[in-house]
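A.B. asks: Input: one structure, supplied below.
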Amino acid sequence: MPSNEKFIIRTMLSGDVNLALYWAAKEGWNPGIHDGDCFYYTDPEGFFIGELNSEPIGCITAVAYNDSFGFIGLYIVKPEFRGKGYGIQLWKTALKHLGNRTIGLDGVIDQQENYKKSGFQLAYRNIRYEGIGRGSISQHVVDLKDVSFEDLVAYDTTLFSVPRPKFLKRWINQPEGASLGFLKNSKLAGYGVIRACQIGFKIGPLFADEETIAEDLFNSLAGKVTGETIFLDTPEANSAAIALTKKHDMAIVFETARMYTKKPYSLPLHRIFGVTSLELG
């Protein structure tokens, strides 16, 4: 970096998050229109922006869910500033913020080897599928707002690495979206969220105890946006989820590598039909 250039990394203000999401959209990642508030509220201290001579040129998020787990996302340097060492400084800032926690990320495939150098191990691949919304509401599906929030957090914790009540409170209530649960014997046996994105709508998470429950939730969510483009990010290891995408004529458009430091979390992938987001896990 030339001596007359000044590069600083600072914590984002809430207004900076939309810039990061704009960059993510330009990368083709298609974030949700209302993701910013949900993401930022989870850990405001874990959002970083890099400025060169006061111009924002890069960003990264390092959300600490609790003292044991964090997730890195939105790792972006504007194309014209890549290869100059700014990205690695952002990366080191994120790792420092998360400290000794186990860290997860969904990285683009061509960066997988670089992440391995920082101690990340491949757990599985997430595949993004694209299709057209169609379906109808199942009689077993209810508005998630009518389900006890404590029950939702307890259920979600069995399918995520740690409890995340702060995030969920906003995620299920965002505008231009819908959140549905599936009740079996009066107990939550699955839930899903659909949200408006820069292009179309994305379903995530889609968690279910059984394939038929996932099918009912998927149809109910997709039926909310009939005729619109929809996306689902699903673990490649879940064969039932892959079968679901084929049944609905969805096509592969993108993939990422889910990676962790330390020992990867042993998640019940057979119940994870759609991950929540590639930015926050």
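A short reminder: the numbers here are calculations on the coordinates, not readings from a lab. These figures come from a predicted structure and were not determined experimentally. Cβ placement follows ideal geometry from the backbone for every residue including glycine, while neighbour counts extend to all protein chains displayed.
A.B. asks: Let me check I've understood the local charge: for E130, count other residues with C-beta under 15 angstrom from its C-beta, Lys and Arg +1, Asp and Glu -1. What total comes out?
C.D. replies: +1
A.B. asks: Can you give the alpha-carbon Rg of the chain over 2.2 N^0.38 Å, where N counts its residues?
C.D. replies: Cα Rg divided by the expected 2.2 N^0.38 Å: 0.99.
A.B. asks: Hey, another quick one. Over region 128-274, what is the relative contact order in whole percent, taking alpha-carbon pairs under 8 Å and six or more residues apart?
C.D. replies: For region 128-274, the relative contact order is 34 percent.
A.B. asks: Placing +1 at every Lys and Arg Cβ and -1 at every Asp and Glu Cβ, with all other atoms neutral, what dipole size does the chain have around its Cα centre, in debye to the nearest 20?
C.D. replies: About 620 debye.
A.B. asks: Also, quick follow-up: Separation of region 18-56 and region 98-124 by C-alpha centroid, Å?
C.D. replies: One Cα centre to the other: 20 Å.
A.B. asks: If I histogram all Cα-Cα distances within region 117-205 using bins 10 Å wide from 0, what percent of pairs lands in each bin?
C.D. replies: 13, 41, 33, 11, 2
A.B. asks: Compute the Cα gyration tensor for region 128-274, then decide on rounded, prolate or oblate, letting a ≥ b ≥ c be the square roots of its eigenvalues: rounded whenever a/c is under 1.5, prolate when a/b is larger than b/c in the other cases, and oblate in all that remain.
C.D. replies: Verdict is rounded for region 128-274.
A.B. asks: Counting other beta carbons within 10 Å of each residue's own, what order do E255, E80 fall into, fewest first?
C.D. replies: Numbers: E255 14, E80 8.
Ranked by crowding around the Cβ, least crowded first: E80, E255.
A.B. asks: Separate question: Shape of region 1-157 from its Cα gyration tensor (a ≥ b ≥ c, root eigenvalues): rounded if a/c is under 1.5, otherwise prolate when a/b > b/c, or oblate?
C.D. replies: prolate
A.B. asks: For region 142-192 and region 229-256, what is the separation of their Cα centres, given in Å?
C.D. replies: Here the two parts' Cα centres lie 22 Å apart.
A.B. asks: Another question about this same structure. Do any of K166/K247; K169/K202; K116/K169; K26/K263 go past 30 Å between their Cα atoms, and which?
C.D. replies: Too far apart for the 30 Å limit: K166/K247; K116/K169; K26/K263.
A.B. asks: How high is the FRET efficiency between T11 and R82 when r is their beta carbon distance and R₀ equals 25 Å, given to the nearest 0.05? Don't skip to the answer; put the middle values down first.
C.D. replies: Numbers: r = 23 Å, r/R0 = 0.91.
My answer for the efficiency is 0.65.
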